[in-house]
Amino acid sequence: MLLPAASAPARARGRALQEALRAAVRSGRLTAGTRLPSSRDLAADLGVSRGLVTEAYEQLTAEGYLRSGRGAGTWVGDAVRAARPRARDLAPRSPGAKADFVPGTPDLALFPRAAWAAAQRGVLAEVAHQELGYPDPRGLPRLRTALAELLARRRGVVADPERIVIVAGVTQATALLGFVLRARGVRSVGVEDPGSPQHAELYAAAGVTTVPVPLDGEGLAVEALRASGVRAVVTTPAHQFPTGVAYSARRRADLLDWARSVDGLVLEDDYDGDFRYDRAPVGALQGLDPEHVAYTGSVSKSLAPGLRLGWLLVPDPLVEEVVARKRTLDLGHPSLDQALFARFVERGDYDRQLRRCQRAYRERRDALVTALEEHFPGTEVSGISAGLHVIAALPERYGPQDRFLADLAAAGVAVRPLSDCRHVRTEADGKGTIRLVLGYAHLSPARIRDGVRRMAEAAAC
């Protein structure tokens with residue numbers, strides 16, 4: 001801030017220094033209560049005489065910009081009401097919502113703070129100094145080994161630690177594969193329709209276009225996939241987002257037959273595969289053909305999305321290319337976070353957390369279904385009993401959808417219509433049957449009941 005003033009012509013140097021200090025205080029770059037260097041130290045730093053600095057301090061103290069006391073140093077005063085720099089928070093939220101059913105967020109109050117803190121203390125006590133250097137871009141061997149055991153046991157994957165890459169969530173895993181596929185000459189990737197709205201943007205950033213592929217009651221329509229001409233497709237077979245369908249055994253087999261016939265790749269997003277409430281979860285698709293399926297998951301639904309921690313398990317021919325791209329992106333995931341999560345998995349804390357979440361989310365799903373039956377008789381809840389959201393099709397008498405959504409928004413109730421998840425929109429969207437994607441994991445049973453009551457009151461107005 002002050003170096004330009006110090007390089008001013010000798011006769012103008014004192015005035016320039018004073019003006020630079022004034023401007024810094026006015027703009028908020030020097031905030032009230034900031035202690036300034038001593039006149040001796042500042043003069044030495046700027047290469048000017050101490051008297052010039054002393055004169056500047058005295059002048060600005062007289063004007064009220066600075067304050068000083070004998071033996072107490074010189075400080076920025078509080079007379080100037082400078083505009084303080086403001087850091088905006090762009091985290092996705094539903095501002096002002098009295099009831100928020102937007103899906104995608106777990107209950108962050110379930111985060112195991114005590115167990116996490118204990119694991120953190122243990123890691124800090126045992127981690128070797130050299131482990132704080134740049135990590136293997138694939139991830140710490142300790143974590144990859146722990147994850148291989150966990151994923152094989154819980155999700156039935158063929159998990160070789162050498163094929164696992166630790167990533168900043170499923171979003172980075174998707175982007176990594178997009179870059180690698182683009183480098184291999186792939187120009188388009190199939191995506192489920194309806195499906196996650198973020199896929200088109202992620203692949204576009206990698207220079208790859210997305211081709212919507214429709215679904216039916218058993219999962220992705222494989223004949224439409226064949227007709228699309230793509231050789232890679234993104235799927236959520238354990239619990240399709242957003243429809244809630246679990247791919248049938250026949251459809252899983254057909255999808256793998258397609259991948260083998262075109263030497264293609266299926267990206268399996270197992271975003272909430274651990275949360276099945278009516279039976280044991282269906283094993284991952286990757287376990288049936290690890291050479292044609294890339295598998296990805298994260299702790300975003302089981303712990304917290306803010307941890308930005310996930311994994312990508314890729315077929316052997318893609319490993320080196322994915323690792324090279326990961327290295328150029330960020331030189332690897334933070335070592336301490338990896339070591340902490342490895343310890344968390346090894347000691348059984350992660351399994352306990354999954355069981356805790358499963359009990360809570362099953363109760364909340366039941367509360368939502370019951371509340372919908374009470375306040376919106378005739379509502380059809382579709383999809384398997386799993387995950388963190390349901391699809392609710394309301395009776396026609398509550399339509400049209402556009403008016404219903406407007407009434408809910410006016411009442412402070414945030415919801416997401418199924419039509420928002422469609423890659424191919426039609427004029428019928430918003431005019432026909434009301435189909436909502438309702439998230440419930442982040443809401444207590446009491447808040448769920450209250451939120452559905454608010455929906456009913458808004459719809460009755």
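The values are calculated or read from the model by the stated rules, or taken from the named source; none is laboratory data. Keep in mind the model is a prediction, meaning the values are calculated, not measured. Every residue, glycine among them, receives a Cβ derived from its backbone with ideal geometry; neighbour counts consider all protein chains shown. The accessibility values were calculated without ligands, DNA or RNA, using every heavy atom of the protein model including side chains. Shrake-Rupley method; radii C 1.70, N 1.55, O 1.52, S 1.80 Å.
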_Within the accessible area of the stretch 26-170 (1.4 Å probe), percent carbon and sulfur_ = 51 percent
*asked:* Just to confirm my numbers, what's the Cα centroid distance between the stretch 142-159 and the stretch 295-311 in Å?
replied: 15 Å
*Can you list residues whose amide H is under 5 Å from residue 267's amide H, if they're 5+ apart or on another chain and H is modeled 1.01 Å from N?*
233, 234, 235, 294
*Loop-located trypsin sites (Lys or Arg not before Pro) in the stretch 393-461, at most 15 other Cβ atoms within 10 Å (DSSP)*: 425, 431
*Across bins of 10 angstrom width beginning at 0, how are the C-alpha pair distances of the stretch 76-130 distributed, in whole percent?*
14, 21, 20, 25, 19, 0
*Calculate how many DSSP beta bridges within the stretch 263-316 are antiparallel, expressed in % of all such bridges and rounded to the nearest 5.*
50 percent
*asked:* Tell me which trypsin sites (Lys or Arg not before Pro) from the stretch 32-86 have a DSSP coil assignment and no more than 10 other beta carbons within 10 Å of their own.
replied: 70, 81, 86
*Can you send over the carbon and sulfur percentage of the accessible area for the stretch 309-461, probe radius 1.4 Å, protein chains only?*
46 percent
_Could you tell me the center-to-center distance, by alpha carbons, between the stretch 211-282 and the stretch 358-375 in angstrom?_
27 Å
*Average Cα contact separation per residue, the chain, under 8 Å, 6 or more apart, as relative contact order %*: 18 percent
_All-pairs Cα distance distribution in the chain, expressed in whole percent, bin size 20 Å_ = 21, 40, 25, 13, 0
*Taking the Cα atoms of the stretch 1-99, report the difference between the largest and smallest coordinate on each principal axis, in whole Å and largest first.*
64, 30, 21
*Over the heavy atoms of residue 228, what accessible area does a 1.4 Å probe trace out, to the nearest 10 Å²?*
40 Å²
*Can you give the accessible area of residue 89 in Å² (nearest 10), computed on protein heavy atoms with a 1.4 Å probe?*
100 Å²
*Pairs of Cα atoms under 8 Å, at least six residues apart: use those to get the relative contact order of the stretch 99-188, whole percent.*
19 percent
_Charge sum, other residues only, whose C-beta stays under 12 Å from residue 316's C-beta, Lys/Arg counted +1 and Asp/Glu -1_ = -4
*Show the residues, 5+ positions off or on another chain, whose built amide H is closer than 5 Å to the amide H of residue 66.*
61, 77
_Looking at the stretch 42-152, I'd like the Rg to Rh ratio, where Rg is from alpha-carbon atoms and Rh is Kirkwood's inverse mean 1/r._
1.24
_Leaving out ligands and nucleic acids, and using a 1.4 Å probe, what accessible area per residue does the stretch 232-274 come to in Å²?_
27 Å²
_Suppose R0 equals 60 Å. What FRET efficiency, 1/(1 + (r/R0)^6) with r the Cβ-Cβ distance, do residue 406 and residue 129 give to the nearest 0.05?_
0.50
*In whole Å, what three semi-axes, largest first, describe the equivalent ellipsoid of the stretch 197-241 built from its Cα gyration tensor (square root of 5 times each eigenvalue)?*
19, 14, 7
*For the residue pair residue 35 and residue 226, what label-to-label distance in nm results when each label sits 7 Å from Cα along the Cα-to-beta-carbon direction?*
7.7 nm
_Out of all DSSP beta bridges in the stretch 246-343, what portion is antiparallel? Express it as a percent rounded to 5._
50 percent
*By Kyte-Doolittle mean hydropathy of at least 0.5 and Cα axial length of at least 15 Å, which whole DSSP H helices of the chain are selected?*
169-183
*asked:* Would the stretch 224-372 count as rounded, prolate or oblate if I go by the C-alpha gyration tensor, calling it rounded below 1.5 in a/c and otherwise prolate when a/b exceeds b/c, oblate otherwise?
replied: oblate
*Using label points projected 7 Å from each Cα along Cα→Cβ, tell me how many nm separate residue 187 and residue 450, to one decimal.*
5.5 nm
*222 nm [θ] for the chain, helices only, -39500 (n - 2.57) per DSSP H run of 4+, per residue, to 500?*
-13000 deg cm²/dmol
*Counting DSSP beta bridges in the chain, what percent are antiparallel, to the nearest 5?*
60 percent
*asked:* At a threshold of 8 angstrom on Cα-Cα distance, excluding pairs fewer than six apart, so keeping six or more, what relative contact order does the stretch 286-391 reach in percent?
replied: 16 percent
